[in-house]
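The next block holds one structure in the form of structure tokens; read it before the comments.
The values are calculated or read from the model by the stated rules, or taken from the named source; none is laboratory data. Given the structure is predicted, the values throughout are model-derived calculations rather than measurements. Here Cβ is always computed from backbone atoms with ideal geometry, including for glycine, and neighbour counts include all displayed protein chains. Accessible surface areas use protein heavy atoms only, side chains included; no ligands, DNA or RNA. Shrake-Rupley method; radii C 1.70, N 1.55, O 1.52, S 1.80 Å.
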Amino acid sequence: MSKREESVGFVHTATISGVEALPVTVEVSVGSGLPGIHIIGLPDTAVREATRRVRQALKASGYSMKNAYIVVNLAPSDLRKVGSGFDLPISLAYLLATGQIDPQIIEDFICVGELSLDGAVRPVNGLLAYERLSQSAKKGLLSAPVERSGCLAAAAGGQPDRPASLTARPPAVRHYCLAHLKDLQTGELSLPRQVEPELPPATVDFADIAGSETTKRALQIAAAGSHGVLMVGPPGAGKSMLASRLPGILPQLSYQESLESALIHSVAGLPFDQILAGQRPFRAPHHGATKAGLVGGGQPLRPGEISLAHNGVLFLDELPEFSASVLQLLRQPIEQGSISLARALGTVVFPARFMLVAAANPCPCGYLGDPVHSCDCSESQVARYQGKIGGPLLDRINLVVDVVRSPTSEVLATGRGTSTASLRAGVIAAQAFAAARALPADDPAQGSEAKLLSSCGLSPTNQSFLEKIADHYQLSARGVMSTLAVARTIADIEAAAEVQREHLLEAISYRVKAGL
């Protein structure tokens, strides 16, 4: 092949960074030189392996593969390219460069997809991220065949009404699907298959747990105000059962929340239709989880459990059994609602605004303070065990509640306890009252602490009472403000405009009278 016969093809695609899809242009040059395919532009291992998949897929689909010098440039060259979604755009750019397909078929499309060796197109992770990029870039999206729910159409198209998002509608993004490379010869593209997701029926109810009314009350307060809660009690007291029922009393996700959470699950390759339908995520990682598993990491970077719990619940059972170094990593996302992962090629930020729910035994054997079973742990063992949680993390948990073992008579009264519906009604009413209470615009110059103090409307007597209690129990500044936040939520549940002494007393009881 002479130099004048060199040809170039261009195709738009994208790579995932964090929870975003960043635009990439695939340039393929076919010219003279030593035969082979060479990929440049910071490709990772999966992208470099595309050369073999692309060559075999093109041959299997009936296209000619020239014995030429082929250069694949991924621009911009300073952006790391990850994943197998570059198979399809590289193939398309080659076919354009060699004139084997009509350019109009894929004109103005962002193309992503993995290829099988027979030429079939496979889906890749991050569908929602690619759709958002396509929408913002005013381009179409070409991918493998996918199923699209009505909620996904709403999420991609920016239609914020929650109830209507459950109805299938034409997508705002021009999303077309390519099942096989040979379909390009006829221009045969399909639309995503429409499906309608349904929220799974509730299978567990707080009413199944007789007794434990104090803990149910604490979980209701936590749900109403998105407060972190730690349950401390002996084995078999029902901590895990109570936590598993918490999603049932949480309000549905708003449109913006559902889109944020669905993006993270899409990038992680996990189902997200239920999230787009309004169901809050509930993540319960094992205590053997690594740092990368909990906060994110790996190569390529993937969101961890705390990001998968974004706008939902992160339940850490057997909290002291988690690695101390792993637990301390929770401090940043609890405070900031995100986690920053710094790597050599840059910093990736994952959203991580979650409600932390944890359970712990009071000691290694679990029976410290239990009226029935005696504890055989030494003081040093108890101190060492409880110290695994760490004061800084414990100080960021707003409610700590003792969970006591229920008497046999209460255990046998299952089905007669406070129900999920009753607790959820209180949560919804409290949040509605809080929203109405906050309607008058606050001074935008005020900090969050000043706004919280102003919203409580403490009388001089109650403020003096809080100061004395804080000094007596040596509460930190964070502890004082979190106590006020819990008291404000308790007042919202009771539809009280101002925080009263009884609200302060209940809030303080969750901070200073627990087993840890």
Going through the stretch 488-513 one residue at a time, which ones are within 30 Å of the chain's Cα centre (by Cα) and closer than 24 Å to residue 233 by Cβ?
-> 489, 490, 493, 507, 510, 511
Selection from the stretch 14-45 of residues closer than 13 Å to residue 90 by Cβ and out of contact with any Lys or Arg (no Cβ under 9 Å at 6 or more places or on another chain) yields 25, 26, 27, 28, 29, 38, 40
Any hit, the stretch 123-131, residues being within 23 Å of residue 276 (Cβ to Cβ) and out of contact with any strand residue (DSSP E or B) (no Cβ under 8 Å at 6 or more places or on another chain) = yes
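Does residue 426 satisfy the criteria of being surrounded by fewer than 18 Cβ atoms within 10 Å (Cβ to Cβ) and either touching a Ser or Thr at 6+ places or on another chain (Cβ under 7 Å) or over 30 Å from residue 78 (Cβ atoms) (or both)?
Details: surrounded by fewer than 18 Cβ atoms within 10 Å (Cβ to Cβ): no; either touching a Ser or Thr at 6+ places or on another chain (Cβ under 7 Å) or over 30 Å from residue 78 (Cβ atoms) (or both): yes.
Considered against the rule, which asks whether it is surrounded by fewer than 18 Cβ atoms within 10 Å (Cβ to Cβ) and either touching a Ser or Thr at 6+ places or on another chain (Cβ under 7 Å) or over 30 Å from residue 78 (Cβ atoms) (or both), residue 426 comes out as no.
Just to check your reading of the model, which residue among 63, 94 is part of a loop (DSSP other than H, G, I, E, B) and over 16 Å from residue 23 (Cα atoms)?
Step by step, each of 63, 94 is checked, and only 63 is part of a loop (DSSP other than H, G, I, E, B) and over 16 Å from residue 23 (Cα atoms).
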Examine the stretch 152-163 for a residue that is more than 19 Å from the chain's Cα centre (by Cα), modelled with pLDDT of 50 or more, of a type in the set (D, E, K, R) and open to solvent by 10 Å² or more (accessible area, probe 1.4 Å), and state whether such a residue exists.
-> no
Within the stretch 255-270, identify whether any single residue is surrounded by fewer than 19 Cβ atoms within 10 Å (Cβ to Cβ) and either more than 18 Å from residue 132 (Cα to Cα) or touching a Phe, Trp or Tyr at 6+ places or on another chain (Cβ under 9 Å) (or both), and answer yes or no.
-> no
Do you know which residues across the stretch 399-415 are at pLDDT 90 or above and either more than 28 Å from residue 227 (Cβ to Cβ) or open to solvent by 30 Å² or more (accessible area, probe 1.4 Å) (or both)?
-> 402
Somewhere in the stretch 373-396, is a residue at pLDDT below 90, in contact with a Phe, Trp or Tyr (Cβ under 6 Å, 6 or more places away or on another chain) and open to solvent by 50 Å² or more (accessible area, probe 1.4 Å)?
-> yes
Which one of the conditions (1) under 12 Å from the mean Cα position of the chain (by Cα); (2) closer than 30 Å to residue 404 by Cβ; (3) open to solvent by less than 30 Å² (accessible area, probe 1.4 Å) does residue 305 fail to meet, given that it meets all the rest?
-> (3)
In the stretch 168-203, the residues that are open to solvent by less than 60 Å² (accessible area, probe 1.4 Å), at pLDDT 80 or above and either within 30 Å of the chain's Cα centre (by Cα) or of a type in the set (A, V, I, L, M) (or both) = 173, 175, 177, 178, 179, 181, 184, 189, 192
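Applying the selection to the stretch 357-372, what residues are crowded, with 17+ Cβ neighbours inside 10 Å and assigned to a loop (DSSP other than H, G, I, E, B)?
The initial filter retains those residues of the stretch 357-372 that are crowded, with 17+ Cβ neighbours inside 10 Å, namely 357-368, 370.
Residues satisfying the conditions are 361, 362, 363, 364, 365, 366, 367, 368, 370.
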If you go through the stretch 66-90 one residue at a time, how many are open to solvent by 30 Å² or more (accessible area, probe 1.4 Å) and outside any loop (DSSP other than H, G, I, E, B)?
-> 3
Flagged pairs (Cβ under 6 angstrom, 6 or more apart or on separate chains; first in the stretch 352-368, over 30 Å from residue 18 (Cβ atoms); second surrounded by fewer than 19 Cβ atoms within 10 Å (Cβ to Cβ) and of a type in the set (Phe, Trp, Tyr)) are none
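Inside the stretch 207-222, can you point out the residues that are touching a strand residue (DSSP E or B) at 6+ places or on another chain (Cβ under 9 Å), β-branched (Val, Ile, Thr) and surrounded by 20 or more Cβ atoms within 10 Å (Cβ to Cβ)? Give the derivation first.
Taking the stretch 207-222 as the starting set, the residues that turn out to be touching a strand residue (DSSP E or B) at 6+ places or on another chain (Cβ under 9 Å) are 214-215, 217-219, 221-222.
Pick out the ones that are also β-branched (Val, Ile, Thr) and you get 214-215, 221.
Matches in the stretch 207-222: 215, 221.
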Quick one: how many residues across the stretch 223-254 are open to solvent by less than 10 Å² (accessible area, probe 1.4 Å) and outside any loop (DSSP other than H, G, I, E, B)?
-> 9
Hey, among the residues in the stretch 135-145 that are more than 21 Å from residue 300 (Cβ to Cβ) and touching a residue at least 12 places away in the same chain (Cβ under 8 Å), which one's surrounded by the most Cβ atoms within 10 Å (Cβ to Cβ)?
-> 142
Which one is modelled with the highest pLDDT among residues in the stretch 239-297 that are closer than 30 Å to residue 210 by Cα and among the charged types (D, E, K, R)?
-> 283
Output the residues belonging to the stretch 94-125 that are among the polar types (S, T, N, Q) and open to solvent by less than 60 Å² (accessible area, probe 1.4 Å).
-> 98, 100, 116
Would you be able to tell me the number of residues in the stretch 14-60 that are more than 29 Å from the chain's Cα centre (by Cα) and outside any strand (DSSP E or B)?
-> 18
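When you check residue 36 against the structure, is it in contact with a strand residue (DSSP E or B) (Cβ under 6 Å, 6 or more places away or on another chain) and either farther than 25 Å from residue 125 by Cβ or surrounded by fewer than 20 Cβ atoms within 10 Å (Cβ to Cβ) (or both), yes or no? Write out each step before concluding.
Values: in contact with a strand residue (DSSP E or B) (Cβ under 6 Å, 6 or more places away or on another chain): no; either farther than 25 Å from residue 125 by Cβ or surrounded by fewer than 20 Cβ atoms within 10 Å (Cβ to Cβ) (or both): yes.
No.
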